[in-house]
Amino acid sequence: MKIIVAGPGCARCTATEKNVIEAAKALKLQADISHEFDVKNFRNLGVKVTPAVHVDGKIVISGKIPTVDELKAVLSDLR
């Protein structure tokens, strides 16, 4: 599973990345997690509002800081 957190590096984006890492660890996912800071690159992923979580080619959360529980639910559905 490839997970990209998209955002310019603000506190909201950093919090989202932290929650993604925690959720993946709790689910024992084998995931490649990265953070895309470059606006051009994350716009190419289809991201219009940050922070956003992009999983295996799809934006699954956008425009808010997802909780760890929200992320666990979303990531479990995508397994």
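The values are calculated or read from the model by the stated rules, or taken from the named source; none is laboratory data. This is a predicted model, so every value here is computed, not measured. Cβ coordinates were reconstructed from backbone atoms using ideal geometry, including for glycine residues, and neighbour counts include every protein chain displayed.
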**Fill in**
Those residues of the stretch 60-79 that are over 23 Å from residue 43 (Cβ atoms) and at pLDDT 95 or above come to a total of 7
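Please work out which residue is surrounded by the most Cβ atoms within 10 Å (Cβ to Cβ), limiting yourself to the stretch 53-79 and to residues that are assigned to a strand (DSSP E or B) and among the aliphatic types (A, V, I, L, M). Even if it seems obvious, please write down each step before you answer.
Our first condition is that a residue be assigned to a strand (DSSP E or B); within the stretch 53-79, this holds for 53-55, 58-62.
Then keep just the ones that are among the aliphatic types (A, V, I, L, M); that gives 53, 55, 59-61.
Working: 53: 27, 55: 20, 59: 18, 60: 17, 61: 19.
Once the filter is applied, the top-ranked residue is 53.
Residues to consider are 42, 37; find the one that is within 14 Å of residue 8 (Cα to Cα) and modelled with pLDDT under 95.
42 is the lone residue from the list that is within 14 Å of residue 8 (Cα to Cα) and modelled with pLDDT under 95.
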**Restricting the stretch 41-52 to residues that are within 13 Å of residue 63 (Cα to Cα) and surrounded by 14 or more Cβ atoms within 10 Å (Cβ to Cβ), the residue that is nearest to the chain's Cα centre (by Cα)** = 52
**Fill in**
Over the stretch 10-40, the set of residues within 16 Å of residue 60 (Cβ to Cβ), loosely packed, with under 15 Cβ neighbours inside 10 Å and within 10 Å of the chain's Cα centre (by Cα) is 34
**Message:** The conditions are (1) modelled with pLDDT of 95 or more; (2) assigned to a loop (DSSP other than H, G, I, E, B); (3) on the phi < 0 side of the Ramachandran plot, and residue 15 fails exactly one of them. Which is it?
**Reply:** (2)
